[in-house]
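**Student:** Quick one: structure below, then a few questions.
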There are 2 protein chains.
Amino acid sequence: MLKDRDISFLLYELLDTEALLKRERYADHSREVFDATIATARDIAEKYLLNHYQKGDANEPTFDGERVRLIPETKVAWDVMRDAGFLKTRGDASEGGLQLPEVIVRASMGHFLAANGGSCAYYFLTLGVIELIRSFGTPDQKQRFLGRLMDGDFSGTMALTEPAQGSALADIRTRAEPQADGTYRVFGQKMFISAGDHDLTDNIVHMVLAKVKGSAPGVKGISLFIVPKYLVNDDGSLGARNDVALAGLLHKMGTRNSTSTALNFGEKDGAIAYLVGEEGKGLACMFQMMNEARIGVGLGATAGASVGLQHSLAYARQRPQGRQPSNRDPASPQVLLVEHADVRRMLLAQKAYVEGALALCFYASSLFEDEHTHPDPEQRQRAGALLSLLTPMVKSWPSKYGCQSNDLAIQVLGGSGYMREFPVEQLYRDQRLNPIHEGTEGIHGLDLLGRKVGADGGAALALLREQVLAVAEEAAGAPALADLAVQVKDSFEQLMTTTQALMPVVARDPSRGLANATLYLDCFGRVLVAWLWLWQALVAERRMAAAQHEDDLNYYQGKLQAARYYIEWELPMTVPAHKLLREVNPVPFDMRDAWF
Amino acid sequence: MLKDRDISFLLYELLDTEALLKRERYADHSREVFDATIATARDIAEKYLLNHYQKGDANEPTFDGERVRLIPETKVAWDVMRDAGFLKTRGDASEGGLQLPEVIVRASMGHFLAANGGSCAYYFLTLGVIELIRSFGTPDQKQRFLGRLMDGDFSGTMALTEPAQGSALADIRTRAEPQADGTYRVFGQKMFISAGDHDLTDNIVHMVLAKVKGSAPGVKGISLFIVPKYLVNDDGSLGARNDVALAGLLHKMGTRNSTSTALNFGEKDGAIAYLVGEEGKGLACMFQMMNEARIGVGLGATAGASVGLQHSLAYARQRPQGRQPSNRDPASPQVLLVEHADVRRMLLAQKAYVEGALALCFYASSLFEDEHTHPDPEQRQRAGALLSLLTPMVKSWPSKYGCQSNDLAIQVLGGSGYMREFPVEQLYRDQRLNPIHEGTEGIHGLDLLGRKVGADGGAALALLREQVLAVAEEAAGAPALADLAVQVKDSFEQLMTTTQALMPVVARDPSRGLANATLYLDCFGRVLVAWLWLWQALVAERRMAAAQHEDDLNYYQGKLQAARYYIEWELPMTVPAHKLLREVNPVPFDMRDAWF
C-alpha cells in the first residue's frame, strides 16, 4: 500500500483537493467521501490483492486449451473491486458512475498497484476501455458494452503491438475489411497483449488498431475497433465466439499474474469488429487510453518503489549490524542498519524517488482534472497543454527511478534482498517492465523533444516555467530554502537554454537533433522533479510552524531533508547533460554498426 | 562466452602477456599454450556450461534429506573442467599444477562465467580454497586436502557470514574450542554459504571463520579453520561424517544453480576443525581468498555484461523497426534497430562498460602476476600495493555497471527483453547478486576511503597517478586523442584534490568523513575506467596505422568511439560528485530515522 501520510500531504497540503468540492460535478461529495473511497481501496488492497502477490508470481497463468486460468484469488479480488464500485469511479452519475475526481481515483489505484501490480492489470485495462467507449463509442456500442464493462461482467484490453512492428505503430499490418452491414472483419496478429485472455469475466473487449484496406500508409491509416471475444446479442446475452484465438502466452520476468498474450485475429473468416470513431482516426482515439495508461504506469512504478522503501526501511530499523566508523571498540554493541550513513543515503534516495514520483503523478492527475472539469475554459486549455507536455515524464521518470529505487531496496537488505524469502526481489523484477510498456524511454524522449516541447511555439513549456518560477520565488523568501530555490530556478533556465539550442537542430535535421532525446528526457525529468521537491519543501516549511504533533514535525523535516537531498545530489547530474545536449554530442549518432 | 577479440586485444596489445614467457616460471610455456588453454575453456564453456544455463535456472537445487541435488549437467561440467586441468591452472608443476599466468587463468574463467555463472560457483570456490591451503596450510593439511581438491574429488567453500552479523565480520559468533589432540571443535551457524552442499564431489572442504574461546574481541579474535564435511583418514579414505548440517537452502532471484545454504556447525559434539595459520590471524589469511574472489566477482559481472551486449547487439542487427526521424515517408522500408541513435547509445554504453570492466579485471590480474612473479622485488611490491588499492573498484565497478549494462540489454530488446523466452532477463537477475556478495558497495567504499587510499601515506595512489599521467601524456601527442587525454588527466587531478580534502576529515571524524564513501568509490571507479579507456584508445590508435584487415580497423574504430563515449558521457558525472565529496555533504549523514 502507499503511505497514507504521503497521500494526505499531496491531496490536502500540496494540492487543494477540497476546492474541487466547489465544482458542480463534485457538489454532492465531501472530503469524507474522498477519504472513505481511498480507505476502502487500501482495505481491499491489503486483504484481496496483497494476499496473493507472491502466489501469483510463483503460479503463473496457464492455458488449458480453452481459456487462460489464473489463481482463484485473482477472481476474488476482481469481484471485490467491482462490487465496491471501483470500475465506476470516473463514470457520470447518469451512467451509474461514482463521479469521483481523478486524484481520488488515482490515489485509490495507488493502493491497488502497491499491493499487487500484476493482478491489477485486468482492472486498469478495463477502466481504460470504459473511458474510451465513453468518449468515442456510438450509442449502440455503449449500450452493448459500456454497462457490462462498468459492471465488471466484461473486461478490456488494448491491442496495439504486433510481432513485426514493436514501438512503431505506423507499421501495423492488422487489416480490417468493411462489411455490408457496417461491421468489419479483422485479420492479423497482436503481441504482448496484457490481459488478452483469462477466466475473470465472461467476455473480453479488445480495443484493436488495424488498417482498413486502401487507407493511407503510416499512422494516418490506422483505425480503432472494438473486437469482443464473444459477440453480444441485442438482448445483451452472449452470442457466438468471435474469431479471436490465443496464439500463446508469454512468460515475463515479473508481474507474472497478468497474462501477456499473443492473439490471432481472423484465423478463419475474420474477427467481427466495430469501428470506433472515424476510419483513419484510430490513433487519436487510442491516445486517450494510452495517455491514461501512461499515467497508470508511472503510478504503478511509484507504488512499487514505495513498497520497496517501506520494506527496506523496516528492515534497516530492526537489523543490528556493525558500528559507526568512529567507534573502535569491538566490544561495544552493534548499531541498527539505519544508523549507517550509507544506508540512510540509500533510504533517502528511495524517499526522494518515491515521493518525487508520487507528487508528479498526483500533479498530473490534478491537471487531468482541471483539463476536464475546471470552470474556466482557459484553465482547461492550459491544464491540457501542461499535461500533454508532462506525460512523457509522468510515464518515464517514475519507471526509471522506480527501478533504481527497488535496486536500492535490495541493497539495503544485502544478501537477504537477493532472496525470494524476502519480498524486495519480486518488486525489482516487477518494476523492470515499467520502462518498457506504454512506450519505451526512447519513444518518450522522441515524443518530448520531437513533438511536445515545440508544440504551439513552446506554449506549454512557457506555462510550466511560470509554475516553476512562482514556486522558486516563494521558496527564495524562506531562509531554509533560499539556496535550493536558486538551484531549481537556475536548473530550469538551463533547461530552457538547452531546449532553445536544440530546437533548430531538431527542425533542420530531425535524426541528428533527436539523437540524444533520451538524455533530454532524463534531464527534463530531473528538473521537473526538483521543482516538485522544492514545492513540497515549501509546503512543509510553512506547515511546520503550526504543526502540533511530533509525527507531523518529523514528516515535514523528512520532506525538507529529502528535498535537499534531491536538489543537492541528483539535480546537479543535469549539468554534464546540458553540455552534451547543447553541443548535440555526435558520439552515439556517429557510431557505426561494424565498429561494435 | 567472452568475445575472443576482446581477450586478444587485452592480452597481447594492451598488456604484454608474451613478456611473461621470459620469466623462469613460464619458460616452458608459449603463446600457443596460452591460447590453447583459453580456447579449451571456451570450448568447454560452450558445450558443457551454456547447455544448462536456462535449465539450471528453472530447476533449482533441491534437498532430498541426505544431500543437495543439482541437475546432472552440473556434474558433467564439473568433471569436464576438472579433467581438462582447470583446477590445476595456478598450481606449481611440482604439485602437479599447470603453472599458468594469472591473466591466462582469468581469461579462461571469463569464458566459464560468461556461459553459466551459477554452475561455476563450485569451481571458483574450490580454486580459492586450493590457493588458501597452498599458502597457509600445514604439510599435513596439504597432504590430506590439497591434492584431492586439485583433482576435483573434493570441493571447497568459504564460510564467513552469519545470520546475525552480515557484513561485519568482527561480530561473528561461531566459536572454536581447542582439543587435546591439536584439533578444534566448531559451533555456530553460517549463512549465505555458496556451494555449501551439493552432489558434485564426495567431500566438501569448508574454510570457516570462528573465534577461539577467550580470544580478543573484534577481528583480532578471528581464526581460520578447515572443516571438512567428511573427515579424511590418514590413508586418504573418507572417514566419519563431520558435525556439519544443512540448515536450509536459500532461494535466490538469479544464479540459481549455485546453492546458497545455511549451515549448522556443531549441532552435536562440535565439528572437527583444523586451524589454518595462527589463532587470531584468520582474517588475514582469509583475505587472500576474499581478494581473489573479489576479482572473480568483478570478472563474473563483466562476463554477464558481455553476454548481454552480444545478445542485444545480435537482436538490434536483425530486427527491423521504424524509420529515422528525418524520414517522413511511412511507405519507405523499416530500418534495423541498430540504425537508431538511441539504440546505438545503449549498445555503446554496454560496450564501454563491458570492455572497460574487462580491461580493469585483466589489468588487476597482471598486477597480481607481477606481485607474485616479477623478477624485481621493488616491482613486486609496487604491483601488490596498486592491486590492493584497486581491488575495491575491481569488485565494485563491474558489478554496478554490469547491472546497468544488462538493464540496457533488456531495453534494446524492448518487450522481448522482459520475457523468459529471451536470455537477457536471466542475465539481469543473475547480475544483481554481484553488488552484494564479496562485500557490498558500501563495504568497498569504506575499504577504499577508510584504508586503501591513505595506506602508506598514499603511496599506492601516487603509483597509480604515475601510470595515469604516463598514458595521458602519450595520448596527448595523438591528435585524435589529445582532448580526451586532457579530460582524463584533469579528472585524475580532481580525484587527488578531493582525496586530499577528505583525508583529514576521515582522520578527525571517521563517521562523518566516511559518510559519502560509496560516492567516492563510484567517482574513483569512473576515473580509473576512463584512464583504462584512454589507454585502450591509445593502443588502438597506434595499431590502426598498420592494421591489414577490415575487421581490425573496425575493432580499433570501435575502441576509439567507445573511449570517446566513456570520457565524454560518463566521466563528467564525477564533477558534481567532487563537489559533494569536498564539502563533505552532510545530507545523508544528518538524516534522522524518525524523519523517514
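**Student:** For region A:405-424, does any single residue satisfy the condition of being touching a residue at least 12 places away in the same chain (Cβ under 8 Å) and among the acidic types (Asp, Glu)?
**Tutor:** yes
**Student:** Where residues in region B:141-158 are out of contact with any strand residue (DSSP E or B) (no Cβ under 8 Å at 6 or more places or on another chain) and assigned to a helix (DSSP H, G or I), which of them is most open to solvent (accessible area, probe 1.4 Å)?
**Tutor:** B:Gln143
**Student:** Name the pairs: first residue in region B:175-186 and within 13 Å of B:Leu231 (Cβ to Cβ), second residue open to solvent by 60 Å² or more (accessible area, probe 1.4 Å) and modelled with pLDDT of 95 or more, Cβ to Cβ under 7 Å, at least 6 apart or on different chains?
**Tutor:** Every condition considered, the pairs that remain are B:Arg185/B:Gln179; B:Arg185/B:Asp269.
**Student:** Could you list, in sequence order, the residues of region B:444-503 that are of a type in the set (Lys, Arg) and under 13 Å from B:Leu528 (Cα atoms)?
**Tutor:** B:Arg465, B:Lys489
**Student:** Checking the structure you have, find out if any residue of region A:262-284 is farther than 27 Å from A:Ser135 by Cα and basic (Lys, Arg).
**Tutor:** Checking region A:262-284: at least one residue is farther than 27 Å from A:Ser135 by Cα and basic (Lys, Arg).
**Student:** Here's another thing I want to ask about it. If I filter region A:560-591 down to residues being more than 7 Å from every other protein chain (Cβ to nearest Cβ) and not in a helix (DSSP H, G or I), which single residue comes out as most open to solvent (accessible area, probe 1.4 Å)?
**Tutor:** A:Glu583
**Student:** Which numbered condition in (1) open to solvent by 30 Å² or more (accessible area, probe 1.4 Å); (2) within 14 Å of chain A (Cβ to nearest Cβ) is the only one that B:Gly277 fails?
**Tutor:** Going through the list (1) open to solvent by 30 Å² or more (accessible area, probe 1.4 Å); (2) within 14 Å of chain A (Cβ to nearest Cβ), B:Gly277 breaks only (2).
**Student:** Follow-up. Could you list all residues from region B:428-442 that are within 9 Å of chain A (Cβ to nearest Cβ), in contact (Cβ under 8 Å) with a residue 60 or more places away in the chain and in contact with a Ser or Thr (Cβ under 7 Å, 6 or more places away or on another chain)?
**Tutor:** Across region B:428-442, the qualifying residues are B:Leu433, B:Thr440, B:Glu441, B:Gly442.
**Student:** With a cut-off of at least 2 residues that are within 28 Å of B:Gly196 (Cβ to Cβ) and at pLDDT 95 or above, name the helices (runs of 4 or more DSSP H) lying wholly within region B:1-87. Give the derivation first.
**Tutor:** Working: elements: B:4-8, B:31-44, B:53-58, B:72-83.
Passing ranges, in order: B:31-44, B:53-58, B:72-83.
**Student:** Here's a check for you: in region B:418-427, which residue that is facing chain A (nearest Cβ under 7 Å) and in a helix (DSSP H, G or I) is surrounded by the fewest Cβ atoms within 10 Å (Cβ to Cβ)?
**Tutor:** Top of the filtered list is B:Glu425.
**Student:** Suppose the filter is in a loop (DSSP other than H, G, I, E, B), open to solvent by less than 20 Å² (accessible area, probe 1.4 Å) and within 13 Å of chain B (Cβ to nearest Cβ); does A:Gly414 pass it?
**Tutor:** Spelling it out, it is not the case that A:Gly414 is in a loop (DSSP other than H, G, I, E, B), open to solvent by less than 20 Å² (accessible area, probe 1.4 Å) and within 13 Å of chain B (Cβ to nearest Cβ).
**Student:** Applying the selection to region A:354-382, what residues are farther than 29 Å from A:Cys403 by Cα and either at pLDDT below 95 or in a helix (DSSP H, G or I) (or both)?
**Tutor:** Result: A:Asp370, A:Glu371, A:His372, A:Thr373, A:Pro377, A:Glu378, A:Gln379, A:Arg380, A:Gln381, A:Arg382.
**Student:** Could I ask something else about it? I'd like the full set of residues that are more than 12 Å from every other protein chain (Cβ to nearest Cβ), of a type in the set (Gly, Ala, Ser), more than 30 Å from A:Pro325 (Cβ to Cβ) and crowded, with 23+ Cβ neighbours inside 10 Å, limited to region B:501-553.
**Tutor:** B:Ala537
**Student:** Enumerate the pairs (first residue in region B:121-136 and over 17 Å from B:Gly298 (Cβ atoms) and among the aliphatic types (A, V, I, L, M); second residue anywhere and open to solvent by 30 Å² or more (accessible area, probe 1.4 Å) and at pLDDT 95 or above) with beta-carbon separation below 7 Å, excluding pairs fewer than 6 apart on the same chain, so at least 6 apart or on different chains.
**Tutor:** Listed pairs, sorted by first residue: B:Ile133/B:Lys142.
**Student:** Can you tell me how many residues in region B:236-251 are touching a residue at least 60 places away in the same chain (Cβ under 8 Å) and β-branched (Val, Ile, Thr)?
**Tutor:** Summing the residues that are touching a residue at least 60 places away in the same chain (Cβ under 8 Å) and β-branched (Val, Ile, Thr) in region B:236-251 gives 0.
**Student:** Among what's in region A:113-129 and is aliphatic (A, V, I, L, M) and open to solvent by 10 Å² or more (accessible area, probe 1.4 Å), pick the residue that is nearest to the chain's Cα centre (by Cα). Let's see the steps before the verdict.
**Tutor:** Filtering region A:113-129 for residues aliphatic (A, V, I, L, M) gives A:113-115, A:121, A:125, A:127, A:129.
Now narrow it down to the ones that are open to solvent by 10 Å² or more (accessible area, probe 1.4 Å): A:113, A:121, A:125.
On the way: A:Leu113: 10, A:Ala121: 12, A:Leu125: 12 Å.
For region A:113-129, the residue satisfying everything is A:Leu113.
**Student:** In region A:219-246, how many residues are within 13 Å of chain B (Cβ to nearest Cβ) and either buried (at least 19 other Cβ atoms within 10 Å of the Cβ) or touching an Asp or Glu at 6+ places or on another chain (Cβ under 6 Å) (or both)? So that I can check it myself, show each step before the final result.
**Tutor:** To start, the set of residues in region A:219-246 that are within 13 Å of chain B (Cβ to nearest Cβ) comprises A:219-222.
Pick out the ones that are also either buried (at least 19 other Cβ atoms within 10 Å of the Cβ) or touching an Asp or Glu at 6+ places or on another chain (Cβ under 6 Å) (or both) and you get A:221-222.
Number satisfying all stated conditions: 2.
**Student:** Quick check on my filter: what residues within region B:1-53 are within 27 Å of B:Ala540 (Cα to Cα) and among the aromatic types (Phe, Trp, Tyr)?
**Tutor:** B:Phe9, B:Tyr12, B:Phe34
**Student:** Looking at this structure, is B:Ile193 at pLDDT 95 or above, within 14 Å of another protein chain (Cβ to nearest Cβ) and on the phi < 0 side of the Ramachandran plot?
**Tutor:** yes
**Student:** Also, quick follow-up: Keeping to region A:161-208, report how many residues are closer than 17 Å to A:Tyr274 by Cβ, open to solvent by less than 10 Å² (accessible area, probe 1.4 Å) and either of a type in the set (Asp, Glu) or assigned to a loop (DSSP other than H, G, I, E, B) (or both).
**Tutor:** The number of residues fulfilling the criteria is 1.
**Student:** Now for a different question. Looking at region B:292-318, which of its residues are more than 18 Å from the chain's Cα centre (by Cα) and either open to solvent by less than 40 Å² (accessible area, probe 1.4 Å) or more than 8 Å from chain A (Cβ to nearest Cβ) (or both)?
**Tutor:** Selection gives B:Leu309, B:Gln310, B:His311, B:Ser312, B:Leu313, B:Ala314, B:Tyr315, B:Ala316, B:Gln318.
**Student:** Does region B:130-140 hold any residues that are hydrophobic (A, V, I, L, M, F, W, C) and open to solvent by 10 Å² or more (accessible area, probe 1.4 Å), and which are they?
**Tutor:** Initial filter on region B:130-140 (hydrophobic (A, V, I, L, M, F, W, C)): B:130, B:132-133, B:136.
The one that is hydrophobic (A, V, I, L, M, F, W, C) and open to solvent by 10 Å² or more (accessible area, probe 1.4 Å): B:Phe136.
**Student:** Scan region A:321-331 and give yes if some residue there is open to solvent by 20 Å² or more (accessible area, probe 1.4 Å) and aliphatic (A, V, I, L, M), otherwise no.
**Tutor:** Checked against the condition, which is being open to solvent by 20 Å² or more (accessible area, probe 1.4 Å) and aliphatic (A, V, I, L, M), region A:321-331 yields at least one hit.
**Student:** Looking at this structure, is B:Gln334 closer than 30 Å to A:Met191 by Cβ, facing chain A (nearest Cβ under 8 Å) and assigned to a helix (DSSP H, G or I)?
**Tutor:** On the way: closer than 30 Å to A:Met191 by Cβ: yes; facing chain A (nearest Cβ under 8 Å): yes; assigned to a helix (DSSP H, G or I): no.
In short, no.
**Student:** Let me ask something else about it. Would you point out which residue out of A:Ala359, A:Ala409, A:Ala349 is surrounded by 24 or more Cβ atoms within 10 Å (Cβ to Cβ) and either under 13 Å from the mean Cα position of the chain (by Cα) or not polar (S, T, N, Q) (or both)?
**Tutor:** Exactly one residue qualifies, and that residue is A:Ala409.
**Student:** In region B:319-331, how many residues are more than 7 Å from every other protein chain (Cβ to nearest Cβ), touching a residue at least 12 places away in the same chain (Cβ under 8 Å) and farther than 17 Å from A:Val506 by Cα?
**Tutor:** At the first step, the residues of region B:319-331 found to be more than 7 Å from every other protein chain (Cβ to nearest Cβ) are B:319-320, B:323, B:327-329.
Restricting the remaining residues to those that are touching a residue at least 12 places away in the same chain (Cβ under 8 Å) gives B:319-320, B:323.
Going one step further and asking which of them are farther than 17 Å from A:Val506 by Cα, we end up with B:319-320.
Adding up the residues that qualify gives 2.
**Student:** Within region B:50-102, track down each residue that is small (Gly, Ala, Ser) and closer than 26 Å to B:Glu425 by Cβ.
**Tutor:** B:Gly56, B:Ala58, B:Ala77
**Student:** What are the residue pairs meeting all of these: first residue in region A:477-494, first residue assigned to a helix (DSSP H, G or I), second residue aromatic (Phe, Trp, Tyr), Cβ atoms under 6 Å, and 6 or more apart or on different chains?
**Tutor:** A:Val488/A:Trp531
**Student:** Still on this model: State the number of residues belonging to region A:81-112 that are open to solvent by 10 Å² or more (accessible area, probe 1.4 Å), within 21 Å of the chain's Cα centre (by Cα) and among the hydroxyl-bearing types (Ser, Thr, Tyr).
**Tutor:** 0
The values are calculated or read from the model by the stated rules, or taken from the named source; none is laboratory data. All values derive from a computational prediction rather than experimental measurement. Methodologically, a virtual Cβ is constructed for each residue, glycine included, from the backbone with ideal geometry; neighbour enumeration extends over all protein chains shown. The accessibility values were calculated without ligands, DNA or RNA, using every heavy atom of the protein model including side chains. Shrake-Rupley method; radii C 1.70, N 1.55, O 1.52, S 1.80 Å.
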